[in-house]
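Just below is one structure, and these are the notes that go with it.
Just so you know, all these numbers are worked out from the coordinates, no wet-lab data involved. These figures come from a predicted structure and were not determined experimentally. Heads up, the Cβs are rebuilt from the backbone with ideal geometry, glycines too, and the neighbour counts pull from every protein chain shown.
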Amino acid sequence: MAVVDAEGLVVSANDTLGTLLGTDPAALAGSVAADLVDLASDAGTWHAYREVLRGHRSRLRCTRRLKRADGHSLWAQVTVEPLAGTGDSADSGDGDAPGLLLSVADVSARRELQARLRHLQMHDPVTRLPNRALFFERLTAALEAESHEHGGTGRIGVCYLDLDGFKAVNDTHGHRVGDRLLAAVAERLTRCAEEAAHARSGAPLVARLGGDEFALLVEDSTGTDQLAELAAAVLAALQPPFELADRRLSVTASVGVVERHTAGTTPTALMQAADTTLYWAKADGRARWTLFDPERNANRMTRQALAATLRPAIERGEFALEYQPLVGMEDGRVRGVEALIRWNHPQFGVLAPNRFIALAEEDGSIVPLGRWILRTACHQARRWQLAHPDEPPIFVSVNVAVRQVWDSDLVADVARTLEETGLAPELLQLELTESAVMGSAGRPLQVLKALSDMGVHIAIDDFGTGYSNLAYLSRLPVSVLKLDGAFVRGFQYDAVPDAAAAGAGGANPADEVIVEAMVQLAHRLGLTVTAECVETSAQATRLRRIGCDTGQGWLYSRPVAPDRISALLGHAGPGGPAGVQAGVGNP
C-alpha cells in the first residue's frame, strides 16, 4: 500500500509494495503514483484516476501488467480510494481531497488460472484446436465494423468441412481410434493453414466445431480464388492415408466454401450459407469442395417456401387444372385429355407441376391434392359430356402418385368421385409412372386390379425410360402405354429412307425400330399406345405409320383451359391432326 497526496505523489509506502515492485520502499516517496502502476497508459483509466484525485469519484479499480525493476512482470489489481476517516471525497466537492490510499495486489496466479480455464473452455480437448465458442468469438469480432475500417479488405471467407464416412470409422474401430484420427486430421489442417498464411491477415483460424466438423476462417480474404485454393489444399492434405499405430485409414472430406463482404453479414447468415454449401458438396458426390451459389440457394429457399405453403394453398383454392388433348392418330379427333395441375402462387406466379409435386409427395400433401385433382377433372369431363351430347364422350386422364396408393384409399376415393360426378368409369384413366407400376406387389397391385375391375383404365406414363419389363405387362391390369417423349424426339426427320435420313444428320433411325417393336408387342397384349411430345407433322406421320393409337403434344395443343377444349370436340379437319391443330393452335 501507499499513501498518495492530492497532487498524485507518494507520501509513504509499506515494505510489501516495495517488495512487489522490486525496489526500496523509502525510495518510493515523492514518486508519481500513476507512473508506478501505469495508470496513464489508456485514456479511460487516466481520466477516472484524475476524477478520484479531484474528489469527484469515490474509487478506481483496474488491472495492470506491471514491470519490476529486475525486468520481471506481474499482473496486479490496483485500487485507488480516499483514506479511511477522511470523509467522502466524492461528496465534498471542494477539490481538496486530504489523501488517497493506493492498494496493489498481485493477481498473477489468478490471472494465469483464468487463462488456463479460458483455454480449456475455448479449445477442443481431442484436437487441441479452437472450439465452436472461440471460432464464433473470432468470427463475430471479424465482422464488426471497426475490424475492417482501417486498411483491411472488408471481406471474409470460411471453409466448412466434415469428414466423409467418419461414423463408419467410429463404428468399426471404436471411438478411441476415431479420436486419434480427428487429432491427425487437425494436424494436417493446421499445417495447411500455416502454408496458406497471408502477409496481412496471417494464417486462417482452424477450429473443430463438433463431431467431425471443422472450419477454417480467413479474415481479410482477397476473394473467392483465395478460398478456392485453400479448399483444394485441404482436400489434397487429407488425401494421403493416415498411419495410426497398427491401422492405416483413409478419409476424405466435403467442403463448403463461402466468401463475401463483411458489411451486412452476420455470423449466423455466414454459417448458414456455409452449412448449405457443405450439404451441396455432399449431395454432389462428396470428396469435393463447392462454392456458395446465390442462385442455387435462392432455388432452395423457394423450395422451402413452397413446401411450407402447400397445404394452406389447397385450402385457399390456389390450384387450377389445364387440359392437353389426346388425339387419335388416324382421324385427328380428340379422344381424351390429360389433366395437368397449375399452382397460381401469390408470390411466384403460375407454377408447373415439376415445381411442387415432388414436395407434395415428400410431405404427404399429395393425398388431399390428388383428391382435389381427381374430383375437379371428373366434374369437368362430365360437363363436357353433357354440353356435347351428340359427340362421343372424351375420357380424362389423371396422374396418380405412388404415395396416393399407399397413404389413401384410392379405390374408395375413385368410386366416391365417379358416383358424385356421374362420370362413367371407362371415361377415367389413371396414369402411374413406369417405375411405380413395374414390380408392383401387395397393396399397389391389389389397388390397380380393383380399379381395373371397376372399369377405370390404367396407363403407364413415360414408358420406356425405367424398367421396361414388357413381359410383366401381361400380369398387370394395364390398358395403355404412354411412350416417353425421348423416343418421339428421335423422329425429327421426314419420311425418307433411313440411310438418307441418317446421312442428313437426322436422329437415329433406331428410335423408330424400338418404338415400332414396343407398339407391336403392346398391341399383342391388348394395350393401346399413346405417343407423348409430338411436335411436328413428320413425327405424327411416322408414328401413325408404325401403329401408335393416340398422340399428345404441341402439334395438337399445349395444355389449355377447359373452354378451349370445348372448341375441339367433334372437330377433325383434312389430314387428321392438322384439323385439331387448327382448332386450338399453340397459344
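Observations, loosely collected:
- Neighbour counting of Cβ atoms within 10 Å sorts the residues Cys159, Cys192, fewest neighbours leading, into Cys192, Cys159.
- Taking the inverse of the mean 1/r over every pair of distinct Cα atoms in the chain gives a Kirkwood hydrodynamic radius of 31.7 Å.
- Inverting the pair-averaged 1/r between distinct Cα atoms of segment 5-91 gives 13.7 Å as its Kirkwood hydrodynamic radius.
- Packing rank of 73-79, 240-246, where each peptide gets the mean count of other beta carbons within 10 Å, highest leading: 73-79, 240-246
- Compared with the dominant Cα axis of the chain, that is its longest principal axis, helix 108-122 is turned about 0°.
- In order through segment 477-482: 3J(HN,Hα) via Karplus (6.51 cos²θ - 1.76 cosθ + 1.60), integer Hz, x for Gly, Pro: x, 9, 10, 9, 10, 10
- Annotation: lysines with alpha-carbon distance below 24 angstrom to Lys167 (same-chain offsets under eight excluded): Lys282.
- Shape parameters for segment 124-292, alpha-carbon atoms, Rg then Dmax in Å: 15.7, 52
- Relative contact order %, segment 200-338, counting alpha carbon pairs below 8 Å whose residues are six or more apart: 14 percent
- Peptides 304-311, 403-410, 372-379 ordered by average Cβ neighbours within 10 Å, highest first: 372-379, 403-410, 304-311
- 17 Å tail of the calculated P(r), segment 231-367, as % of Cα pairs: 73 percent
- Shape call, segment 333-372: gyration tensor on alpha carbons, a/c limit 1.5: oblate
- Counting only DSSP beta bridges whose two residues both lie in the chain, roughly 75 percent are antiparallel.
- Between segment 1-29 and segment 505-566, the alpha-carbon centres lie 105 Å apart.
- Peptide ranges 11-18, 484-491 listed from the most packed, as the mean C-beta count within 10 angstrom indicates: 484-491, 11-18
- Angle in degrees between helix 510-524 and the longest Cα principal axis of the chain, rounded to the nearest 10: 60 degrees
- Taking each residue as 0.36 nm, the span from Glu419 to Thr79 lengthens on full extension beyond its C-alpha to C-alpha distance by 113.2 nm.
- Taking every DSSP beta bridge that has both ends in segment 124-292, the antiparallel portion is near 90%.
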